[in-house]
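Below is one structure; the comments refer to it alone.
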Amino acid sequence: AYHSLLEWLAFSAGLGLALVSLLTLALSLVGLLYGIVLWVLLLGGGLALWPEIRRLRAALREMPRGPALDGWSRFLLGFVILSLVLVFLLALAPPTEWDALTYHLVGPARYLAAHRLTYEFDNYYLFFPAFSEMLFTTALGLKGDVVAHLVHFSYLVLTLGVLVAFADRHWNRRTGLLAAALFAAIPTALQIAAWAYVDLVLTFYSFIAFYALFQWLQEQAS
């Protein structure tokens, strides 16, 4: 059972994004990689998830209020929120980063132009694992490169959220805010979060896999 709403959201969002990546891969394998197809699936998925959205709204309304934050916790929360706002604004800028312009966005653009997965040998970077690139393909197909930036930014939010959830489960909310603030204080983490990179995707799934394994081992030992 989930310990908190935040824990449920982090695991659910991570699984949902993984399914989007796999579905995009499936479309690219059968030659159905069209923007209109992606929009239809997005709207259809939204309708299918409507009961879960209503459940989330109800959970947010019924969520019990915890003890008031002390001054230190408010400072940590404010630092995290300010960091996220600044990174979000940076993510709205056009891509200029080498990796993004060399392969993270080049591959997805080629796949969308061909409406399928292509195998061109002029760019060996495109033969790297492409889990994140499938998400960027969806982003480009729906709107553009800024959405791809926001995909990577969302993994910063998820990473911070799962850090808070883990610390809250095993210690307390104040420790969770400290963990999130320390991660948000890493300059490189904030910088790349505004780019169409893959580092925070790996960070999130690595930690959430450790989280799930740790909980399972604890349950087996109890």
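The values are calculated or read from the model by the stated rules, or taken from the named source; none is laboratory data. Note that the structure is a prediction, hence the values are computed from the model and not measured. Cβ coordinates were reconstructed from backbone atoms using ideal geometry, including for glycine residues, and neighbour counts include every protein chain displayed. In case anyone asks, the SASA skips ligands and DNA or RNA and just uses the protein heavy atoms, side chains included. Shrake-Rupley method; radii C 1.70, N 1.55, O 1.52, S 1.80 Å.
So, restricting to helices (runs of 4 or more DSSP H) that lie completely within the stretch 89-204, which ones have at least 2 residues that are farther than 30 Å from R65 by Cβ?
106-114, 131-142, 145-170, 187-193
Can you say whether A139 is over 29 Å from D168 (Cα atoms), in contact (Cβ under 8 Å) with a residue 12 or more places away in the chain and open to solvent by less than 30 Å² (accessible area, probe 1.4 Å), as far as the supplied structure shows? Working first, answer last.
Numbers: over 29 Å from D168 (Cα atoms): yes; in contact (Cβ under 8 Å) with a residue 12 or more places away in the chain: yes; open to solvent by less than 30 Å² (accessible area, probe 1.4 Å): yes.
Considered against the rule, which asks whether it is over 29 Å from D168 (Cα atoms), in contact (Cβ under 8 Å) with a residue 12 or more places away in the chain and open to solvent by less than 30 Å² (accessible area, probe 1.4 Å), A139 comes out as yes.
Would you mention how many residues in the stretch 61-80 are exposed (fewer than 10 other Cβ atoms within 10 Å of the Cβ) and within 21 Å of the chain's Cα centre (by Cα)?
0
Might you let me know whether the stretch 70-77 holds any residue that is within 28 Å of V146 (Cα to Cα) and in a helix (DSSP H, G or I)? Before the answer, list the steps.
Start the filter on the stretch 70-77 by keeping residues that are within 28 Å of V146 (Cα to Cα), which leaves 77.
Then drop every residue that is not in a helix (DSSP H, G or I), which leaves 77.
Yes, the stretch 70-77 contains at least one residue that is within 28 Å of V146 (Cα to Cα) and in a helix (DSSP H, G or I).
Which residue, of V151, V146, V162, V201, is touching an Asp or Glu at 6+ places or on another chain (Cβ under 8 Å), hydrophobic (A, V, I, L, M, F, W, C) and closer than 30 Å to L43 by Cα? Write out each step before concluding.
Details: V151 fails: touching an Asp or Glu at 6+ places or on another chain (Cβ under 8 Å); V146 fails: touching an Asp or Glu at 6+ places or on another chain (Cβ under 8 Å); V201 fails: touching an Asp or Glu at 6+ places or on another chain (Cβ under 8 Å).
After ruling out the rest, the residue left standing is V162.
Inside the stretch 167-184, can you point out the residues that are touching a residue at least 40 places away in the same chain (Cβ under 8 Å) and not basic (K, R)?
Pass one, the stretch 167-184, residues touching a residue at least 40 places away in the same chain (Cβ under 8 Å): 168-169, 173-174, 177-178, 180-181, 184.
Selection gives D168, L177, L178, A180, A181, A184.
For every residue, the table says whether it meets (1) under 25 Å from G78 (Cβ atoms); (2) open to solvent by 30 Å² or more (accessible area, probe 1.4 Å); (3) of a type outside the set (A, V, I, L, M); (4) at pLDDT 95 or above.
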site	(1), (2), (3), (4)
N172	yes, yes, yes, no
L177	yes, no, no, yes
F183	yes, yes, yes, yes
I186	yes, yes, no, yes
L190	yes, yes, no, yes
A194	yes, no, no, yes
V198	no, yes, no, yes
L202	no, yes, no, yes
I208	no, no, no, yes
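Tell me which residues, restricted to the stretch 30-69, are assigned to a helix (DSSP H, G or I), of a type in the set (G, A, S) and closer than 30 Å to R116 by Cβ. Steps first, please.
Taking the stretch 30-69 and keeping what is assigned to a helix (DSSP H, G or I), we get 35-48, 50-62.
Okay, now just the ones that are also of a type in the set (G, A, S), so 35, 44-46, 48, 58-59.
G35, G44, G45, G46, A48, listed by residue number.
List, please: which pairs have Cβ atoms under 7 Å, are six or more places apart or on different chains, and start with a residue in the stretch 1-29 that is in a helix (DSSP H, G or I) and end with one that is small (G, A, S)?
Partner pairs satisfying both residue conditions: L5/A59; L6/G161; L6/A165; E7/A165; L9/G161; A10/G161; A10/A165.
Out of curiosity, is G35 open to solvent by less than 40 Å² (accessible area, probe 1.4 Å) and touching a His at 6+ places or on another chain (Cβ under 6 Å)? If you could, list the steps in order and put the result at the bottom.
Details: open to solvent by less than 40 Å² (accessible area, probe 1.4 Å): yes; touching a His at 6+ places or on another chain (Cβ under 6 Å): no.
Taking the combined requirement at face value, the residue does not satisfy it.
Please state which of the following conditions L33 fails to meet, knowing it meets all the rest: (1) under 24 Å from L160 (Cβ atoms); (2) at pLDDT 95 or above.
Of (1) under 24 Å from L160 (Cβ atoms); (2) at pLDDT 95 or above, only one is false for L33: (1).
What single numbered condition from (1) open to solvent by less than 20 Å² (accessible area, probe 1.4 Å); (2) aliphatic (A, V, I, L, M); (3) modelled with pLDDT under 95 fails to hold for L160?
Of (1) open to solvent by less than 20 Å² (accessible area, probe 1.4 Å); (2) aliphatic (A, V, I, L, M); (3) modelled with pLDDT under 95, only one is false for L160: (3).
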